[in-house]
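The values are calculated or read from the model by the stated rules, or taken from the named source; none is laboratory data. Since this is a predicted model, take the numbers as computed values, not measurements. A quick note on method: Cβ atoms are made from the backbone with ideal geometry, for glycine too, and the neighbour counts reach across all protein chains shown. Keep in mind that these areas ignore ligands, DNA and RNA; they rest on the heavy atoms of the full protein, side chains included. Shrake-Rupley method; radii C 1.70, N 1.55, O 1.52, S 1.80 Å.
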Amino acid sequence: MPLWTLHGNGRTVEPGKVVKPDERLNWPATAAIGAQHVIAMFGATFLVPVLTGFPVSTTLFFSGVGTILFLLITRNKLPSYLGSSFAFIAPVTAATASQGMGSALAGIVAVGVLLAAVGFIVQFAGIGWIDKLMPPVVAGAIVALIGFNLAPVAWTNFQKQPVTASITLVAVILFSVLFRGFLGRISIFLGVLVGYAAALLFREVDFTKVGEAAWFGWPEFHIADFASPGTWSVIAMFLPVVLVLIAENVGHVRGVATMTDASVNRHTGRALIADGAATTLAGLFGGSGTTTYGENIGVMAATRVYSTAAYWVAGAVAILLALSPKVGALFNSIPAGVLGGVTTALYGLIGIIGIKIWVDNRVDFSRPVNQYTGAVALVIAIAGFTMQWGDFQLGAIVIGAAAALLIYHLGNAIARWRRTGADDGGPIPAVGPLGGDPENPPVR
């Protein structure tokens, strides 16, 4: 039995239908769509290693390998590209600065192992317990604090080359509102291209390492370091990232299920296991942690092609690109100003995604428990709170995440015991019809 059946005539998508995960178009069309997935993920995936100092080619290599591993573990039933997760930027940056790359990689491995363990539990026990542990107000706070915690990093790069940074930032915003469809979704990538062009005009780009790099060669592998004494304090700051990856994977599965077949939701546990395995493998040998990519969801929605065959192509193309050290050196030549401009938008967007979780789930911020869950977590992240006992240190992300969980669950327990009405009463009711004109417009 073939892995994929041909959809219709193999050239076009039938009106009102989609190409399902177990279907495909003809191979030339499938290859073209697979290449489009690579372009869609590329802008975000290469930025993570550039920002954290990891080798770009290595990250690209493990994103391709991770995508193929994901397809194998999910039995070729769930279309997804595994690109670099922005949730790792803050802990990796902090860990690399204090303990080195090896310890940061150990943190990535720890996240991957824990995510896979959660996946096994979900596979057998369902996902309801995650919703209880991490309700919308907590999930939104944790996602938002990871983005806002990175604000000082964006400013550090921005002020080094403010003109280039401003051009990059304006370009990102302009492209996001100027273009529709696919081009609008890759506005960050296009903004980086404009910023890079500006940096070339201002002679801010150093091509020395690009010229020295070979055209073909293996990526630069590094081994995770679990032996250094400071590694275990570093691992603690990575643990909140697990909650973000759970939310991203669950959201991805639900999105694909909505647009294809509700039975796809059965693969949620396998998706978490697969992403955990891919993240573990990447962390062991020098790559960035992975996650399912929203950019590629956008490509599938635009093309109506959900075939896993396209992702096999995308994974293979990413691996081939990673086998060119010159490609990695070219991306590492991006100057600080371009990074400062794009991360001003990017880190803020991570924070806004968390706030969007609140909005989408109509979190009631008239309730004190919800107010303090979000407020305290965000202030801890933005200010960069730390706690230290000897060589063991907790950063703002882990403190903020722990605060959000503790305030919410303990606060709810006390408020409900005392019946003060300060607890989370669930989503606020919709006011009026959702969309359209009011049913009874005021008389003027």
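Note on Arg180 and Ala125: the extension gain reaches 15.7 nm, defined as 0.36 nm multiplied by sequence separation minus the Cα-Cα distance.
Once the chain from Ala197 to Ala262 is taken as fully extended at 0.36 nm per residue, the excess over their C-alpha distance is 18.9 nm. Comparing Cα centroids, segment 201-238 and segment 2-45 end up 34 angstrom apart.
When Ile353, Ile246 are compared by accessible surface with a 1.4 Å probe, the order from highest to lowest is Ile353, Ile246. Rounded to the nearest 0.05, the FRET efficiency derived from the C-beta distance between Gln388 and Trp215 at R0 = 45 Å is 0.45.
Farthest toward the positive end of the dipole of the chain, out of Ala310, Ala154, Ser84, is the Cα of Ala310, where the dipole comes from beta carbon charges about the Cα centre. Solvent exposure of His267, expressed as accessible area, is near 30 Å², computed with a probe of 1.4 Å over the protein chains only. Extending 7 Å from the Cα toward the beta-carbon at both Lys356 and Ser98 defines two label points whose distance is 3.1 nm.
Accessible surface of Lys160, taken over heavy atoms with a 1.4 Å probe and every protein chain present, rounds to 130 Å².
Counting only protein chain heavy atoms and rolling a 1.4 Å probe, the accessible areas of Asp131, Asp424 rank, largest first, as Asp131, Asp424. Surface composition of segment 218-259: carbon plus sulfur atoms hold 67% of the accessible area, using a 1.4 angstrom probe and ignoring ligands, DNA and RNA. Of Glu212, Glu204, the order by accessible heavy-atom surface (1.4 Å probe, DNA, RNA and ligands excluded), from most exposed downward, is Glu212, Glu204. Taken as entire DSSP H runs, the helices of the chain that both span 20 Å or more between Cα atoms along their own long axis and average 0.0 or more on the Kyte-Doolittle scale are 27-52, 56-73, 101-125, 162-178, 187-201, 240-259, 268-285, 308-322, 336-360, 368-383, 396-418.
Considering only beta bridges that DSSP places wholly inside the chain, some 65 percent are antiparallel. Taking each DSSP H run with n ≥ 4 as -39500 (n - 2.57) and averaging over every residue of the chain yields -21500 deg cm²/dmol at 222 nm. Within the chain, how many Lys pairs sit with Cα atoms under 22 Å apart, leaving out pairs fewer than 8 places apart on the same chain? Lysine pairs meeting the criterion: 5.
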